[in-house]
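I have placed the structure first, in the form of structure tokens, so that the comments after it can refer back to it.
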Amino acid sequence: MSDSIEQAIDQLIGQYKADAQNAQQPLRVEYEPDWPTPCYQLDQHDEVHEGAHVSWQPVRQSSANSFAKLEDALELTLDQQYCVFFTRYYSFNLMARAPQGECELLQVVSDSDFERLQENLIGHVLMKRRLRQPETLFFGLTDDDNLILSIINNSGEVILERVGKKHYEVLAPDLSTFLNQLAPSPA
């Protein structure tokens, strides 16, 4: 299973890089000095001050980021594809087009951002437990602030989830299948 998720992520990231290269328009983001990341592609000609638009690229993670401590704390084993999704690349969020519409895939830009993701995930899982709902793992946003992309932890299914509600729509049987349906979308 992890081979197919790695391939799906690599393919999507590869499409992003190829689209930027083919359009001769590098990926651009506002520089945030408080959030250092290996994704920034800076050279001596770049204006490097807060808010300046700079080039960036997704970069393979070299750290050994892991959800192990979170899993121990919550006494929960996270869906393996979800774990690979957030530990393969450092990247800014990725805009994409799914068959159902536009979405934004959450990403981590650094080890400290990975820690922040875990803190938010703990809060999300504890909320789901308090509401006595199946545990879900968020990974994306939609145009509707009340709808998020998540994985049902026990089944691995990708769902469109209404925040705080039990009802959801299944979009794909697993994260690899969902990612393979996506196309990069200009930001």
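Nothing in this text is a laboratory measurement; each read-out follows from the coordinates by a stated rule. Note that the structure is a prediction, hence the values are computed from the model and not measured. Cβ coordinates were reconstructed from backbone atoms using ideal geometry, including for glycine residues, and neighbour counts include every protein chain displayed.
Observations, loosely collected:
- Sequence-distant contacts, meaning Cα pairs under 8 Å at least 6 residues apart, place the relative contact order of the chain at 20 percent.
- Backbone N within the range 140-155 under 16 Å of label point (7 Å from residue 116 Cα along the Cβ vector): 140-141
- Unit charges on C-beta of K, R, D, E only; dipole of the range 2-184, Debye: 600
- Across the range 51-176, Cα-Cα pairs farther apart than 22 Å form 36% of the total.
- Ranking 103, 22, 134 by Cα position along the charge dipole of the range 2-184, where only Lys, Arg, Asp and Glu carry charges on their C-beta atoms, puts 134 farthest toward the positive end.
- The range 32-83 - percent relative contact order, Cα under 8 Å, separation 6 or more: 28
- In a fully extended conformation the segment linking residue 42 and residue 130 would gain 27.2 nm over its present Cα-Cα distance, using 0.36 nm per residue.
- Helix-only mean residue ellipticity at 222 nm for the chain, each DSSP H run of n ≥ 4 adding -39500 (n - 2.57), per residue, nearest 500: -10500 deg cm²/dmol
- Label point 7 Å beyond Cα of residue 63 along Cβ direction - residues of the range 124-154 with amide nitrogen under 13 Å: none
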